[in-house]
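Colleague: One structure coming up, written as C-alpha cells, with questions to follow.
The values are calculated or read from the model by the stated rules, or taken from the named source; none is laboratory data. The model shown is predicted, which means the values in this text are computed figures rather than measured ones. Note that each Cβ is placed from the backbone with ideal geometry, even for glycine, and that neighbours are counted across all protein chains shown. Side chains are part of the model used for accessible areas, which takes the heavy atoms of the whole protein and leaves out ligands, DNA and RNA. Shrake-Rupley method; radii C 1.70, N 1.55, O 1.52, S 1.80 Å.
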Amino acid sequence: MGRINYFALFGVIFFNLVLFSGVAIALVALLFSLWTVVVSFVLSPIILVAVNQMGIQEFDIIQTILSCIILVIGIKLVPFAMKATRYMGAFFTKYIEYNKKTIYSN
C-alpha cells in the first residue's frame, strides 16, 4: 500500500454513494429474486405433496403435472443462477480492487 490520495478517496466515496450503490443494490436484489424463484420452483412438488397429504387441498393431476414441469424448469435454472452468482461476485471483487488501486498511490 502507498500513500492515500485524498482527492481520489473523496471521489470514490461520492461515486459509490451516489451512482454505484443504486446499481449494486438492484443487482443484488435481482440475484436474490432469481435464487428465490429457483428454490421455490424446485420445492414446488414437495410443497404440493405436503399440502395434499395434510388435506388442505384436494389432489389434482393437472397441478401435479404442472408442478413437475416447474421442477424441471427450476433444475434447468440452477446452473444459470450459479453462473450469475459467480460472475457478480467476481465483478464486485474486481470493483473493490479497482477502488483500492485508485485510492492508494505509489
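Colleague: Phe10: accessible area at probe 1.4 Å, nearest 10 Å²?
Modeller: 130
Colleague: Dipole of the chain (Lys/Arg Cβ +1, Asp/Glu Cβ -1, origin at the Cα centre): which of Met54, Asn5, Leu66 lies farthest to the positive side?
Modeller: Of the candidates, Asn5 comes out farthest on the positive side.
Colleague: Taking the Cα-to-Cβ direction at Leu66 and at Ile4 and moving 7 Å from each Cα, how far apart do the two end points lie in nm?
Modeller: Going from the Leu66 label point to the Ile4 one covers 5.8 nm.
Colleague: Work out, step by step, the length gained on full extension between Ser105 and Val39: first 0.36 nm times the residue separation, then minus their alpha carbon distance; give nm to one decimal.
Modeller: Values: separation 66, 0.36 × 66 = 23.76 nm, distance 4.50 nm.
Result: 19.3 nm gained on full extension.
Colleague: Would you kindly compute the Cα radius of gyration of the chain and its largest Cα-Cα separation (Dmax), both in Å?
Modeller: Considering the chain through its Cα atoms, Rg and Dmax are 22.4, 71 Å.
Colleague: May I ask you to list the residues of the stretch 74-89 whose amide nitrogen lies under 14 Å from a point 7 Å from Cα along the Cα→beta-carbon direction of Leu27?
Modeller: Counting backbone N atoms under 14 Å from the label point, the list is 84-89.
Colleague: Further, regarding this structure: Just to be sure I understand the rule: take each whole DSSP H helix in the chain, project its Cα atoms onto its long axis, keep it if the span is 20 Å or more and its mean Kyte-Doolittle hydropathy is at least 0.0. Which ones pass?
Modeller: On the way: long enough: 21-54 (46 Å, 2.08); 61-103 (62 Å, 0.84).
Taking the DSSP H segments of the chain (at least 20 Å long, mean hydropathy at least 0.0), we get 21-54, 61-103.
Colleague: To the nearest 10 Å², what's Ile62's accessible area with a 1.4 Å probe?
Modeller: Number for this one is 100 Å².
Colleague: Could you give the length gained by full extension between Phe20 and Ile46, i.e. 0.36 nm per residue of separation minus their alpha carbon distance, to one decimal place? Could you put the intermediate results ahead of the total?
Modeller: On the way: separation 26, 0.36 × 26 = 9.36 nm, distance 3.97 nm.
Extra length from Phe20 to Ile46 when fully extended: 5.4 nm.
Colleague: Okay, moving on. Rolling a 1.4 angstrom probe over the protein chains, ignoring ligands and nucleic acids, what is the accessible area of Thr64 in square angstrom, nearest 10?
Modeller: Approximately 40 Å² for this residue.
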